[in-house]
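Here is the structure we will look at, set down as structure tokens.
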Amino acid sequence: MKMHLNLATHDLDASVAFYSTLLGAKPAKMLADYALFVTEQPGLELALDLDPDASAGHGQHFGIVVDSAAAVDAQIARLEAAGYATDIEREETCCYANQTKVWASDPEGRRWETYFVHEDSENRDDEDTACCRAEAAVASGATCCT
């Protein structure tokens, strides 16, 4: 089973570069107004459509669950080597789980997290969790857990 997402973008080349880095894959199909990524890990078909009026929705984010904190570290290395800004959280409690994660935004401003869950938690978040506390998320413009 795979998930299919279709996202509009105003800059197809920039979006292809971002998603190539995020997914660690090149598009299976690339045309002047369309790109298609097909990946096994994660099980995903991601279509990008060129749309000069594209804009990201508010109050949403997307995520990739990985099997280890080392996989998060590998994602951090890929994103930073490609020059993308990242927000890193290590062993923070957020959304009822202790997690290590990295956040990055695509060219439209869609926030993506790559994360590993160390363990579930009875608490929604830690006192200094940057992402999930409502006031911190609002102040930073984050769209996770809110």
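The values are calculated or read from the model by the stated rules, or taken from the named source; none is laboratory data. These numbers come from a predicted model, not from an experiment. Neighbour counts run over all protein chains shown; Cβ positions are idealised from the backbone, glycine included.
If the condition is being in contact with an Asp or Glu (Cβ under 9 Å, 6 or more places away or on another chain) and of a type in the set (D, E, K, R), then the stretch 90-110 contributes GLU92, LYS101, GLU108. Which of the residues spanning the stretch 1-25 are in a strand (DSSP E or B), in contact with a Pro (Cβ under 8 Å, 6 or more places away or on another chain) and surrounded by 12 or more Cβ atoms within 10 Å (Cβ to Cβ)? Scanning the stretch 1-25 gives a single hit, THR9.
Taking the condition of being in a loop (DSSP other than H, G, I, E, B) and loosely packed, with under 14 Cβ neighbours inside 10 Å, how many residues in the stretch 26-60 meet it? Give the derivation first.
Pass one, the stretch 26-60, residues in a loop (DSSP other than H, G, I, E, B): 26-28, 32-33, 40-43, 51-60.
Subset that is loosely packed, with under 14 Cβ neighbours inside 10 Å: 26, 28, 32-33, 40-41, 43, 52-53, 55, 57-60.
So the answer is 14.
Against the conditions (1) modelled with pLDDT under 95; (2) of a type outside the set (A, V, I, L, M); (3) surrounded by 16 or more Cβ atoms within 10 Å (Cβ to Cβ), GLY63 satisfies every one except (3). Any residue at all in the stretch 23-44 that's closer than 17 Å to PHE116 by Cα, assigned by TED's automatic domain parsing to the domain that holds GLN99 and aliphatic (A, V, I, L, M)? Checked the stretch 23-44: no residue is closer than 17 Å to PHE116 by Cα, assigned by TED's automatic domain parsing to the domain that holds GLN99 and aliphatic (A, V, I, L, M). Against the list (1) at pLDDT 80 or above; (2) in contact with an Asp or Glu (Cβ under 9 Å, 6 or more places away or on another chain), the condition ALA130 fails is (1).
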